[in-house]
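Novice: Input: one structure, supplied below.
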Amino acid sequence: MKAIVCKTWGPPDSLRVEDLPDVVPGPGQVSIDVQAAGVNFPDVLIIQNKYQFKPELPFTPGSELAGVVRAVGEGVTQFKAGDKVIAFVSTGAFAQQIAAPVQALMPMPPGLDFDTAAAVTLTYGTSHHAVVDRAQLKAGETMLVLGAAGGVGLAAIEIGKALGARVIAAASTDEKLEVCKAHGADATINYSTQDLREAIKAATEGKGPDVIYDPVGGVYAEPAFRSIAWRGRYLVIGFANGEIPKLPLNLPLLKGASLVGVFWGEFARREPKANLAAMRELMGWMAEGKIRPHISHRYALAETPQALNDMAARKVTGKVVIQPQR
Ligand SMILES: NC(=O)c1ccc[n+]([C@@H]2O[C@H](COP(=O)([O-])OP(=O)(O)OC[C@H]3O[C@@H](n4cnc5c(N)ncnc54)[C@H](OP(=O)(O)O)[C@@H]3O)[C@@H](O)[C@H]2O)c1
């Protein structure tokens, strides 16, 4: 079977496709033919040793996938060969086969295609945990989403709308903002061409957003926080911009506002029951058509470096997936 291998820390172009032996599931494991693997911004960072999670070299990157069970290891009774599954793993998804622990799997809901099934776990899981659990966004409140056309951003827009909130999307191009509108955004801000603070003020009649969802960081964080409403909640999701911003602590004081950290992977590890309940709610919303994952690009396994380069260059919207069998 073919797999992407990271042998040395470096940019996406240093990744290689290699022929590896077929996988054999160990006790408590399931082997899977991977039909689609979702790409996430952390994948770009992990291969460069720039992320908090540091796998041992060599390794195969990729953490979320959908596929078909090949075989089950000793002690596995929940799945059988031929079952369609979704898995969330620490590494190994950018490959034609993977052996994953049974705890990492859930059955693929009927009616989903493999690409969509591979694209929901991390982005929608993160945004559900952030918006529903950490920010407690209520119907009638307003949420501003930065980097809104990205993977977690688009998921946040859809979840905000599913909860009955008003959602303002902010992104760097008008094309990206069109995608946000198509996924439910009520208003938009182009932060490349508009002054962020003025635009937020105009879009909220001077009141400011109740919740701000920030996966970008960098130069946007302070002006966004200065615009937040009284009792606002500012969700710290990530730093796609590359710079971890610093914030004067008088700002939360003046607004009676909260800075709210979000770390979905750790939440899923520490609170697996709560995460499963969130996943069930998301799958229900998907079946009802309330959320519709948007996949802008699909790549063959050998094109994985291109997929990661396109994501790093801000060329993609929503999700991109690798299709390892082609
Ligand atoms: N806390 C958690 O549990 C958690 C979970 C998953 C992801 N994350 C983090 O969330 C962030 C977004 O992840 P994602 O998968 O949604 O990524 P993504 O699809 O690439 O979206 C990131 C967005 O950030 C914006 N951006 C601004 N400056 C950028 C730059 N210099 N390079 C790249 N993008 C830039 C881009 O939008 P514009 O071009 O419109 O500005 C892009 O659409 C990452 O930092 C990731 O590590 C955190």
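Novice: Helix 272-287 versus the longest principal axis of the chain: what is the Cα-based angle in degrees, 0 to 90, to the nearest 10?
Specialist: Roughly 80 degrees, rounded to the nearest 10.
Novice: Which far-off residues, 5 or more places away or on another chain, put their amide H under 5 Å from the one on HIS294, with H placed in the peptide plane?
Specialist: Correct list: LYS319.
Novice: Given R₀ = 22 Å, FRET efficiency for ALA81-ASN49 by Cβ-Cβ distance, to 0.05? Walk me through the numbers before you get to the answer.
Specialist: Working: r = 37 Å, r/R0 = 1.68.
After rounding to 0.05, the efficiency reads 0.05.
Novice: To continue, here is another question. Within region 197-229, whose backbone N sits under 13 Å from a point 7 Å along Cα→Cβ of LEU254?
Specialist: Only 222-229 pass the distance filter.
Novice: Sticking with this one: Got a sec? Which residues in region 1-35 would a label at GLN325 touch, if it sits 7 Å along Cα→Cβ and we count backbone N under 15 Å?
Specialist: Residues passing the 15 Å test: 1-2, 32-35.
Novice: Then there is this: Rounded, prolate or oblate: which fits region 122-265, taking a ≥ b ≥ c as square roots of the Cα gyration tensor eigenvalues, rounded meaning a/c under 1.5, else prolate when a/b beats b/c? Write down the numbers at each step before the final one.
Specialist: On the way: a/c = 1.20, a/b = 1.10, b/c = 1.09.
Verdict is rounded for region 122-265.
Novice: Please give the contour-minus-distance gain from ALA182 to LEU247: 0.36 nm per residue of separation, less the Cα-Cα distance, rounded to one decimal in nm. Show your work: numbers first, answer last.
Specialist: Values: separation 65, 0.36 × 65 = 23.40 nm, distance 3.29 nm.
Length difference between fully extended and current span is 20.1 nm.
Novice: Just from its helices, what would the mean residue ellipticity at 222 nm be for the chain, if runs of 4 or more DSSP H residues each count -39500 (n - 2.57) and the sum is divided by every residue, rounded to the nearest 500 deg cm²/dmol?
Specialist: On the way: 11 runs with 91 residues, N = 326.
When only DSSP H runs of four or more count, the value is -7500 deg cm²/dmol.
Novice: With +1 on the Cβ of every Lys and Arg and -1 on the Cβ of every Asp and Glu, and nothing else charged, how large is the dipole of the chain about its Cα centre, in debye rounded to the nearest 20? Provide the component values of the computation, followed by the final result.
Specialist: Working: 33 positive and 32 negative charges, 126 e Å.
Charge dipole, the chain, about its Cα centre: 600 debye, nearest 20.
Novice: Would you please give the FRET efficiency between ARG298 and ASP13, computed as 1/(1 + (r/R0)^6) with r the Cβ-Cβ distance and R0 = 25 Å, to the nearest 0.05?
Specialist: Numbers: r = 20 Å, r/R0 = 0.80.
My answer for the efficiency is 0.80.
Novice: Treating only the Cβ of Lys, Arg, Asp and Glu as charged (+1, +1, -1, -1), what charge dipole size does region 122-265 show about its Cα centre? Round to the nearest 20 debye. Before the final figure, lay out each step's value.
Specialist: Details: 14 positive and 14 negative charges, 92 e Å.
Charge dipole, region 122-265, about its Cα centre: 440 debye, nearest 20.
Novice: While we're looking at this one, here's another question. Report the net charge of residues surrounding ARG314, where surrounding means a beta-carbon distance below 13 angstrom and charges are Lys +1, Arg +1, Asp -1, Glu -1. Spell out each step's value before the answer.
Specialist: Working: positive: LYS176, LYS315; negative: GLU175, ASP310.
For residues surrounding ARG314, the net value is 0.
Novice: Connecting C-alpha atoms closer than 10 Å in a GNM of the chain, tell me which of PHE94, PHE114, PHE79 has the biggest fluctuation.
Specialist: Answer for the Gaussian network model of the chain: PHE79.
Novice: Here's something else I'd like to know. Using 0.36 nm per residue, how much length does the chain from GLU271 to SER172 gain when fully extended, once their Cα-Cα distance is taken away?
Specialist: 32.1 nm
Novice: Amide H of VAL262: which non-local residues (sequence gap of 5 or more, or other chain) have their own amide H closer than 5 Å, using H built in the peptide plane?
Specialist: VAL236
Novice: As a test of the definition: which semi-axes, in Å, follow for the chain when you take the square root of five times each eigenvalue of its alpha carbon gyration tensor? Largest first, please.
Specialist: Listed largest to smallest, the semi-axes of the chain are 35, 21, 17 Å.
Novice: Further question: Karplus couplings for region 197-204 from phi (6.51 cos²θ - 1.76 cosθ + 1.60, θ = phi - 60°), rounded to Hz, Gly and Pro as x?
Specialist: Going residue by residue, I get 5, 4, 5, 5, 4, 5, 6, 10 Hz, with x marking Gly and Pro.
Novice: Got a sec to turn the phi values of region 249-265 into Karplus ³J(HN,Hα) couplings, 6.51 cos²θ - 1.76 cosθ + 1.60 with θ = phi - 60°, whole Hz, x for Gly and Pro?
Specialist: 6, 5, 5, x, 4, 4, 9, x, 10, 10, 9, 10, x, 9, 9, 4, x
Novice: Output wanted: per-residue J couplings in Hz (rounded whole) for region 122-137, from phi through Karplus 6.51 cos²θ - 1.76 cosθ + 1.60, θ = phi - 60°, x for Gly and Pro.
Specialist: 6, 6, 6, x, 4, 6, 5, 4, 5, 7, 7, 7, 7, 8, 6, 4
Novice: Here's another thing I want to ask about it. Quick one: which of LYS7/LYS50; LYS161/LYS290; LYS207/LYS246 span more than 19 angstrom between C-alpha atoms?
Specialist: Working: LYS7/LYS50 15 Å; LYS161/LYS290 8 Å; LYS207/LYS246 24 Å.
Result: LYS207/LYS246 exceed 19 Å.
Novice: Over what distance in Å are the Cα centres of region 2-21 and region 257-319 separated?
Specialist: Using only Cα atoms, the two centres lie 23 Å from each other.
Read-outs throughout are calculated quantities, based only on the coordinates presented, and are distinct from any laboratory measurement. Because the structure is predicted, anything quoted here is derived from the model rather than measured. Virtual Cβ from ideal backbone geometry, glycine too; neighbours counted across all protein chains shown.
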